[in-house]
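Report on one structure; see the data block that follows.
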Amino acid sequence: MGILSEAYKEHPVMDSLIVPVDFSSIKDVPESHAWAQSYDFKINSNNDHKELRFLSIPIIDLEDPNVIEHIFSACETWGMFQVTNHGISKHLLKQVEFQSKKLFRLPYEQKIKIVRSPEEATGYGYPRITPFFSKRMWNEGFTIMEKSLVNHAKKVWPNAFQGFCDVMEEYQTRMKHLSNKLMGLLLESLNIPQPAIRESDDDLCTALHLNSYPACPDPNRTMGLAQHTDTFLFTILHQSGNANGLQVFKDGPGWVSVDPVPEALVVNVGDLLHILSNARFPSAVHRAVVNNEKQRLSFAYFYGPPLEFQVSPYLDYPGCKGPVFRSLTVKEYVSIKSKLLDMALPSIKMLPDQNLS
Ligand SMILES: C=C1C[C@]23C[C@@]1(O)CC[C@H]2[C@@]12CCC[C@@](C)(C(=O)O1)[C@H]2[C@@H]3C(=O)O
Ligand SMILES: O=C(O)CCC(=O)C(=O)O
Ligand SMILES: [Fe+2]
């Protein structure tokens, strides 16, 4: 999605909110990264729901004959599920992990050479949502979209970039394939006739984002990735190294831990699928916390329709009371999200009288 930067250009991010600190040289959590003590780091903090304490998101076997029903129910209840039998080999996941470790282990001066530029989408840096929070996150990331990959890799490994590029390219190809399959299942679960979303495969908005959460001296004072919803249709996430960290917010129990399940990948609903489903599927509010033992890595693959695609709520289902959101292009939504973050969805809600015909 080279042209995704067209949508970001209107809201360039200041350099100081992109360039991470050198985490390898930090012995204590600095003020810049110390979140308020009142910040809710706890899991299942709502004591009224003790019985929900051990809740977990559904695990769905993609070869289950009832996969459509399971996906519908998981998306409606959680906006998130884990999938098994997804066809991504353990070997490839290990290679992505190996190459990512190699990248984040580079000396600081090297990583700085591939910092994301203020209007761009790809490269090394703090999470994109950083400007919306007064404190920095305990996270360094690297975003890959097709064209940028080789250029960035050449800057840090002029003679040895190929290994990194081959693995990341292979992973993106496999992820796109799995995403096309999941998209079909998600649309079927919503009874939406397969639209043009997947016709122009080349123009799809896809991105691979590698997250690294360095081991933190005081994990209860800082946040790995602050709460957010993902922008596109859905995200496929691999939590590497069996390290906990991901949490999803559910009304009632509060923050629920999404523990890594060997061989499973996490799938979460993003804002565009929330709009397309006419709010029947929640866009999963999630975050990542850190630990003091070891670095945690996660790999997120974002999948969306082409930038010019018009996203409209689908209304042909029993009990539909009219559109919850106005329709808009992907590009317009990305631009609104860069400006408003969690107020983006409320800002495109239809007013009650706009639904009267
Ligand atoms: C395609 C994208 C989705 C993403 C913004 C990005 O351009 C590349 C990084 C993605 C990420 C990863 C961490 C959380 C997130 C909210 C962020 O700040 O950057 C997501 C973005 C998103 O879903 O909008
Ligand atoms: O690291 C995680 O578990 C969450 C990552 C995430 O939410 C993202 O990259 O959008
Ligand atoms: Fe996310």
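The values are calculated or read from the model by the stated rules, or taken from the named source; none is laboratory data. Computed from a prediction, not measured in an experiment: that's the story for all the values here. Note that we place each Cβ from the backbone using ideal geometry, even for glycine, and neighbour counts take in every protein chain shown. Just the protein is used for accessible areas: all its heavy atoms, side chains included, with ligands, DNA and RNA removed. Shrake-Rupley method; radii C 1.70, N 1.55, O 1.52, S 1.80 Å.
Binning all Cα-Cα separations of the chain at 20 Å, short to long from zero, yields these whole-percent fractions: 29, 61, 9, 0.
Per DSSP helix of 4 or more residues, -39500 (n - 2.57); summed, then divided by the residues of the chain. What does that give at 222 nm, rounded to the nearest 500? So the helix-based figure for the chain works out to -7500 deg cm²/dmol. Since only ALA226, VAL267, ASN85 are under comparison, the one whose Cα sits farthest along the positive direction of the charge dipole of region 57-309, derived from C-beta charges on Lys, Arg, Asp and Glu, is ALA226.
Go ahead and collect, in residue order, the members of region 287-317 whose backbone nitrogen is under 17 Å from a label point 7 Å along the Cα-Cβ direction of GLN354. Zone members listed by number: 310-315. Between ASP203 and ASN151, the contour length at 0.36 nm per residue exceeds the Cα-Cα span by 16.7 nm. The label point for GLU119 and the one for LEU340, both projected 7 Å from the Cα toward the Cβ, are 2.4 nm apart.
Among the aspartates and glutamates, select those whose C-alpha is under 13 Å from the C-alpha of LYS155, and discard any that sit fewer than 8 residues away in the same chain. Qualifying aspartates and glutamates at Cα under 13 Å: GLU109. With +1 assigned to the C-beta of every Lys and Arg and -1 to the C-beta of every Asp and Glu, and no other charges, what is the dipole magnitude of region 189-325 about the Cα centre in debye, to the nearest 20? The dipole of region 189-325 has a size of about 500 debye.
Taking the Cα centre of the chain as origin and assigning +1 to Lys and Arg Cβ atoms and -1 to Asp and Glu Cβ atoms, the resulting dipole is close to 880 debye. Gyration tensor over the Cα atoms of region 270-356: the corresponding equivalent ellipsoid has semi-axes (square roots of 5 times the eigenvalues, largest first) of 30, 15, 13 Å. When the listed pairs LYS111/LYS176; LYS135/LYS181; LYS113/LYS337; LYS250/LYS337 are checked against a 30 Å cut-off, the alpha-carbon distance exceeds it for LYS135/LYS181.
Summary of packing: across the peptides 117-126, 285-294, the per-residue average of other C-beta atoms within 10 Å ranks them, highest first, as 117-126, 285-294. Using alpha-carbon positions, what is the distance between the centroids of region 141-180 and region 254-304, in Å? Each part reduced to its Cα centre gives a spacing of 22 Å. Taking all protein chains as they are arranged and a probe of 1.4 Å, the heavy atoms of GLU10 leave approximately 120 Å² accessible to solvent. Each of HIS177 and GLU263 was given a label point 7 Å from its Cα along the Cα-to-Cβ line. The distance between the two points is 1.9 nm.
Between ASP218 and TYR39, the distance separating the two model label sites (each 7 Å from Cα on the Cα→Cβ line) works out to 1.2 nm. So in the chain, what percent of DSSP beta bridges are antiparallel if you round to the nearest 5? In the chain, approximately 90 percent of DSSP beta bridges are antiparallel ones. Projecting the Cα atoms of ASN66, PRO127, SER189 onto the charge dipole of region 57-309 (Cβ charges, centred on the Cα centre) puts PRO127 farthest toward the positive pole. Is the shape of region 134-234 rounded, prolate or oblate, going by the alpha carbon gyration tensor and its root eigenvalues a ≥ b ≥ c, with a/c under 1.5 for rounded and a/b larger than b/c for prolate? In terms of gyration-tensor shape, oblate. Around the Cα centre of region 180-269, unit charges on the Cβ atoms of Lys, Arg, Asp and Glu (plus for the first two, minus for the last two) sum to a dipole of about 280 debye. With R₀ set to 30 Å, the beta-carbon distance separating ILE26 from ASN242 gives a calculated FRET efficiency near 0.75.
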